[in-house]
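To keep things clear, I will list the structure first and then write my remarks on it.
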Amino acid sequence: MLTGAIFASVSSEFLPTGLLPEMAAELGVSESRIGLLVTVFAGTVVLTTAPLTVLTRNYSRKWLMVVLLGVFALTNVLCAIAPSYEFLVGARIVGGLAHGLFWAVTGPYAARLVPRHQLARAISVTNAGGTLAFILGVPLATFLGHALGWRLAFGAMAAVVVVFLVFVIVYLPPVAHIVPLTTGEIAVPARKDRSLPAVLIVCVAVVLVITGHNTFYTYIAPWAIQIGGVDEAGVSGLLFVYGAAGAIGLALGGAFGDRFPRGSVNVALAGVALSVLALAVFGTSALPVVIGMIVWSIFFGGVPALMHTRVLHSASERIRDLAAAWLTTAFNVAIGGGALLGGVLLDQFGIAVLPWIASAIIAAALAFVLASDRARLAAHR
């Protein structure tokens with residue numbers, strides 16, 4: 001049920017990316033302004049996730065998830081009936097408010113359903129919903145939007161969200177998320193929790209890794225056409241293959257993340273840095289681009305789940321929800337920051353420079369992870 005709920009959430013978040021021309025034409029705005037709908041969504045997540053997590057810390061996790069899925073459904077309905085661009089922006093802000101809190105709830109929820117030694121596998125299974133959103137959700141909704149209109153695509157996504165909302169109500173078991181104080185124990189604010197430094201170390205690593213990744217990936221379509229020699233009509237197929245390879249990486253992360261938590265992260269980051277570097281060196285024709293992107297996606301596919309697992313392992317029971325909120329914030333800062341950095345580099349130095357810079361940032365992230373591992377492990381004991 002968590003996997004399905006995440007599938008609906010991520011599909012809703014990125015749906016505008018596949019419908020840019022149709023939405024821009026009908027609403028009378030540029031395609032770049034429609035693209036800003038994703039930026040507005042991510043910015044809202046960054047600003048509101050942690051405060052909303054604190055405000056809702058005493059509410060039932062299951063019923064909070066039900067409410068958030070209801071907000072997702074409402075957001076998609078509002079997008080479907082939007083009479084103007086400004087109305088659409090407002091609807092996306094509402095969606096962003098729910099999205100960040102949703103991720104702060106779902107990760108710890110999975111952690112409370114399984115023993116600690118199965119955490120990586122559980123997070124990988126739930127995060128598969130996000131991977132499936134890129135492989136199936138967004139492409140199918142985009143196809144529907146092209147065939148029958150973008151408003152119907154948003155309406156169909158609202159219906160999908162409602163289906164998973166009902167499944168959550170009926171099938172998802174409730175969990176106890178409030179950790180009671182032991183006799184004589186004094187409540188400690190989150191800023192004084194002993195595991196906080198470990199959580200912050202993981203969040204910094206995520207900012208570095210995802211910034212590097214998105215510096216290049218945000219502009220992968222024009223890079224593949226201009227530098228990689230991929231035909232414009234083949235880009236959608238290339239991205240589908242990339243998403244499918246990411247599913248393999250996610251499965252590998254789930255299989256090895258519990259047994260080799262440190263090694264899995266280190267190998268994955270090294271593989272991402274080297275595969276992106278290989279694209280920079282050899283990605284001048286279609287075949288090496290396809291091979292390089294498959295390898296890149298396999299190594300990267302498990303990274304979000306492995307980092308999510310790491311932050312939940314690092315956090316004490318009392319700040320798990322806040323740790324998940326901070327991790328969500330770190331991801332969205334990096335998604336927006338990577339896209340911004342890539343755009344600046346593209347304008348100043350040309351698109352060919354992007355994989356070189358991306359691989360360097362990811363290599364720096366790996367160096368940071370290796371250098372900070374001892375401090376992280378000491379902090380969360």
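Taken over the chain, the convex hull of the Cα atoms encloses 127 Å³ per residue. Here the range 295-337 is treated as an ellipsoid with the same Cα gyration tensor; its semi-axes, largest first and in whole Å, are 22, 14, 5. Note on the range 266-325: along the principal axes its Cα atoms extend 51, 16, 13 Å, ordered by decreasing extent. Hey, rough spin-label estimate for Ser236 and Arg194, points 7 angstrom out along Cα→Cβ, what's it come to in nanometres? Here the modelled spin labels are 5.6 nm apart.
At the listed q of 0.13, 0.16, 0.20 Å⁻¹, the Debye profile of the range 230-377, built from one uniform point per Cα, gives log10 I(q)/I(0) equal to -0.66, -0.98, -1.40. For Val353 and Leu47, a Förster radius of 41 Å and the Cβ-Cβ distance give a FRET efficiency of 0.85, rounded to the nearest 0.05. Of the residues Leu101, Trp296, Ile319, the one whose Cα sits farthest toward the positive end of the charge dipole of the chain, with +1 on the Cβ of Lys and Arg and -1 on the Cβ of Asp and Glu, is Ile319. All distinct Cα pairs of the range 290-367 go into the 1/r average, and the inverse of that average, the Kirkwood radius, is 14.6 Å. Quick check: net charge around Ser264, other residues with Cβ under 14 Å of its Cβ, Lys/Arg +1 and Asp/Glu -1? Spelling it out: positives minus negatives among the neighbours equals +2.
Classify the range 217-281 as rounded, prolate or oblate from the Cα gyration tensor: take a ≥ b ≥ c as the square roots of its eigenvalues, call it rounded if a/c is under 1.5, otherwise prolate when a/b beats b/c and oblate if not. Here the range 217-281 falls in the oblate category.
Using C-alpha pairs under 8 Å with a sequence gap of at least 6, the mean separation divided by the residue count of the range 228-381 gives a relative contact order of 30 percent.
Entry note, the range 1-83: relative contact order of 32 percent, from Cα contacts under 8 Å with a spacing of 6+ residues. Once divided by 2.2 N^0.38 Å, the Cα radius of gyration of the range 1-105 becomes 1.09. Our estimate of slack between Ala375 and Val54, defined as 0.36 nm per intervening residue step minus the Cα-Cα distance, is 112.9 nm. Normalised Debye scattering of the range 184-306 at q = 0.20 Å⁻¹ gives log10 I(q)/I(0) of -1.09, counting only Cα atoms as equal scatterers and leaving out solvent. Modelled this way, with points 7 Å down the Cα-to-C-beta line, the labels at Leu287 and Tyr171 are 4.5 nm from one another.
Subtracting the Cα-Cα distance of Ala364 and Leu136 from 0.36 nm times their residue separation leaves 78.8 nm of extension gain.
Using C-alpha pairs below 8 Å separated by at least 6 residues, the relative contact order for the chain is 26 percent. Put simply, when 232-239, 324-331 are sorted by average Cβ atoms within 10 angstrom per residue, most first, you get 324-331, 232-239.
The numbers here are math on the coordinates, done by the rules we state, and not lab data. If you're wondering where the values come from, they're calculated on a predicted model, not measured in any experiment. Here the Cβ is made from the backbone with ideal geometry for all residues, glycine too, and neighbour counts use every protein chain on show.
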